[in-house]
1. Using 0.36 nm per residue of separation minus the Cα-Cα distance, give me the extension gain between B:Lys150 and B:Arg212 in nm, one decimal.
2. How many percent of DSSP beta bridges within the protein assembly as shown run antiparallel, rounded to 5?
3. Can you flag which of A:Lys44/B:Lys315; B:Lys205/B:Lys308; A:Lys84/B:Lys163; B:Lys163/B:Lys249 are past 30 Å Cα-Cα?
4. Taking the Cα-to-Cβ direction at B:Gln276 and at A:Trp107 and moving 7 Å from each Cα, how far apart do the two end points lie in nm?
5. What size of dipole, in debye to the nearest 20, comes out for region B:72-145 about its Cα centre when the only charges are +1 on Lys and Arg C-beta atoms and -1 on Asp and Glu C-beta atoms?
6. Taking θ as phi - 60°, what are the ³J(HN,Hα) couplings along region B:42-56 by the Karplus curve (6.51, -1.76, 1.60), each to the nearest whole Hz, with x for Gly and Pro?
7. Hey, quick one: spin label on B:Leu64, modelled 7 Å out along Cα-Cβ, who in region B:117-142 has an amide N within reach, i.e. under 20 Å?
8. Can you compute 3J(HN,Hα) from phi for each residue in region B:184-199, using the Karplus curve 6.51 cos²θ - 1.76 cosθ + 1.60 with θ = phi - 60°, rounded to whole Hz and x for Gly and Pro?
Amino acid sequence: MNLQQIIDRLNLTVLTESQDFAGIAPTGGYSSDLLSCVMAGARKGHLWITLQAHLNIVAVAALNEVAAIIITENAQPDHASIAKANQQGVILLSTPQTTYEVNGRLWELGVRN
Amino acid sequence: MCPPARTPTEQEKHGRHGRPITDQDAHDISRVEELSYDLKIHEVMTADVKTATPDMPLSRVLELLRLNRISGLPVVENEKLVGVLSLEDIVRALQKNELSAPTSRYMTREVVTVASYDSIVNAISTFTEIQLGRLPVVDENDRLVGMITKGDITRGILVALQKDYKEEEVRRYRASHLFEDIISERTTLVLRYTIKAGDFTQGGKASSHIKRALRRLGADPQITRRCCIAVYEAEMNLIIHTTNGGVLKLEVEPHRITMSATDDGPGIADTEMVFQPGYSTATEHVREMGFGAGMGLVNMKRCVDEIKLESSVGKGTKLLMRTFIPDHTVGVSRDG
């Protein structure tokens with residue numbers, strides 16, 4: 001399951017610059033709103049599902065080299081966060097669904113690591 | 001048909017797009033786009049060009065085209081470009097059975113050229129405007145100095161990208177052998193970062209610089225990752241909890257990496273409690289941002305081999321962490 005398919009199936013909004021999402025294959029996922037837990041738990045290539053939308057999630061995602069952040073419940077990052085994400089090559093995706101729903105959908109799609 | 005006399009190009013006068021570049025522009029420019037401005041036409045063109053003269057019979061030109069497998073060539077008189085002749089022109093001559101006529105009778109005199117000193121982006125836009133496969137290149141005196149095709153441009157960009165890639169490789173190679181040529185009893189590379197209290201906008205910046213440095217030094221990815229988690233937590237603690245910020249320091253030696261975070265207050269009352277998972281003194285505001293999970297020091301302890309926390313209330317805190325490199329390979333070649 002590549003990222004483009006995930007974006008299509010979950011109807012996610014892409015907040016950062018478009019790129020070759022079909023060439024990115026997320027290896028699994030991690031869900032938490034606590035940044036220290038994400039630092040410890042998320043792995044390179046994971047999707048990170050959170051309702052945090054402020055600037056610091058970009059640094060955490062970049063350090064962990066996660067494949068993308070899925071921001072839930074329509075939480076909206078500000079312009080500076082999106083600009084920084086573009087600069088650092090971090091993909092920001094957004095959805096009105098809850099973290100719980102997104103986790104369930106991803107699990108159904110076979111993203112289970 | 002001739003380029004303007006050698007006046008400064010728009011780019012030389014004003015930078016890209018004829019105006020100063022903003023930071024946002026700079027982020028948006030890809031390396032290939034950058035190269036299309038940096039590379040000059042004379043760097044990628046073919047300089048060895050077959051030419052005809054105005055008085056050359058068309059039959060002779062046809063022979064030149066056939067032998068060199070090309071579909072057209074520039075016509076030159078006294079080193080100056082006076083026209084181009086293509087196969088289509090020869091076909092027109094054939095229809096009138098005039099293959100012995102001089103080139104000047106059938107050549108195209110209105111020639112689109114590009115200047116050798118311009119950036120290849122000019123050639124790209126000219127190619128887009130006029131549907132031609134090749135363009136004559138002239139110098140500031142209107143002398144023909146070469147021909148350029150789209151293929152020349154692609155090749156030039158690829159060669160430049162390859163050079164970029166090699167330079168990064170060399171940089172990495174040099175950094176990963178940093179300590180080998182420096183003879184001392186103990187060589188240490190010290191990286192120091194001043195961290196401001198409350199400056200969440202810069203949170204993680206020092207850690208990402210440290211990550212890049214460790215990679216260049218050839219540190220193992222697992223060790224790099226562990227050090228990064230530890231310094232990120234330390235960096236965020238300086239931002240979240242200190243009165244005046246502090247200093248994050250990394251001392252790199254081939255056999256170990258020492259990380260420290262030092263501040264001058266407020267200090268920690270109980271240096272054992274902070275190692276309890278979930279214990280936090282963060283404010284509600286900070287917790288809302290996802291910090292203050294009470295996992296910071298727990299994370300650090302998990303990621304390093306040694307950790308020491310010294311603090312006194314009202315004076316400040318010093319956190320020291322160490323990670324040992326089993327094969328002593330940071331900044332030293334693995335095969336050496």
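1. 18.6 nm
2. Once the DSSP bridges in the protein assembly as shown are tallied, antiparallel ones form about 75 percent.
3. Too far apart for the 30 Å limit: A:Lys44/B:Lys315; B:Lys163/B:Lys249.
4. 3.2
5. Magnitude of the dipole: close to 320 debye.
6. The phi angles translate into 5, 6, 10, 6, 8, 8, 8, 10, 6, 10, 10, 10, x, 8, 5 Hz.
7. B:133-139, B:142
8. Result, rounded to whole Hz: 7, 5, 8, 9, 10, 9, 10, 10, 10, 10, 8, 10, 8, 5, x, 8.
Coordinate-derived values only; no laboratory data. The model shown is predicted, which means the values in this text are computed figures rather than measured ones. All Cβ positions, glycine included, derive from the backbone under ideal geometry; neighbour counts span all protein chains shown.
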